[in-house]
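Everything on this sheet refers to the single structure shown next.
Quick note: the coordinates plus some simple rules give every number you see, no bench work behind them. Remember, predicted model here, so these are calculated numbers, not experimental data. Cβ placement follows ideal geometry from the backbone for every residue including glycine, while neighbour counts extend to all protein chains displayed.
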Amino acid sequence: MEWFNYYGLIIMAVVMIPNIIFALKHKGENFYKNRAAFIAKQIGRYGCFFFMIFNIPFTWTGYWFLYGEAVYLIGNGVFLFAYCLTWGVLWKKSNLVKALLLSVLPSLIFFFSGIVIGSVPLVVCSIVFAASHILISVKNL
């Protein structure tokens, strides 16, 4: 893996599919109006998107342990499966379990990916995203 992370692009595409479907069916269902949390979420989200796909020189180390690529793919595969399964099973529900799972799982994907590939900006963006996304998801209930 060099500057472009093909695996990260595929992971991002899979994460976005249920989100796009949800956004098309439920326009404007954001009840919690905290501008700072919203801005932090967007900065974290787009930062995660960018750093999942692009590896900026001197900000990442690559897989820093033996079998790092396998751990990256298996770990993210498990998180993605859980995320898509949660979307499918809890599609019509609106409860705390759904809100937490659908905000924690993508946060874990980003954080896990940042740790495994040694990407400092991805880890930082994932922490910002996790804190704001979980807050907004819970408050929107």
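Condition check: under 24 Å from Leu135 (Cβ atoms), surrounded by 12 or more Cβ atoms within 10 Å (Cβ to Cβ), of a type outside the set (Lys, Arg) and in contact with a Ser or Thr (Cβ under 7 Å, 6 or more places away or on another chain). Does Ala82 satisfy that? No, not satisfied.
Just to be sure, is Trp91 closer than 20 Å to Ser126 by Cβ, of a type outside the set (A, V, I, L, M) and assigned to a loop (DSSP other than H, G, I, E, B)? Before you say what the answer is, go through the steps one by one.
Numbers: closer than 20 Å to Ser126 by Cβ: no; of a type outside the set (A, V, I, L, M): yes; assigned to a loop (DSSP other than H, G, I, E, B): yes.
Criteria not met by Trp91.
Among the residues of region 4-47, those identified as in a helix (DSSP H, G or I) and among the small types (Gly, Ala, Ser) are Gly8, Ala13, Ala23, Ala36, Ala37, Ala40, Gly44, Gly47. Of everything in region 89-127, what is in contact (Cβ under 8 Å) with a residue 60 or more places away in the chain and surrounded by fewer than 18 Cβ atoms within 10 Å (Cβ to Cβ)? Give them in sequence order. Matches in region 89-127: Val120, Pro121, Val124, Ile127.
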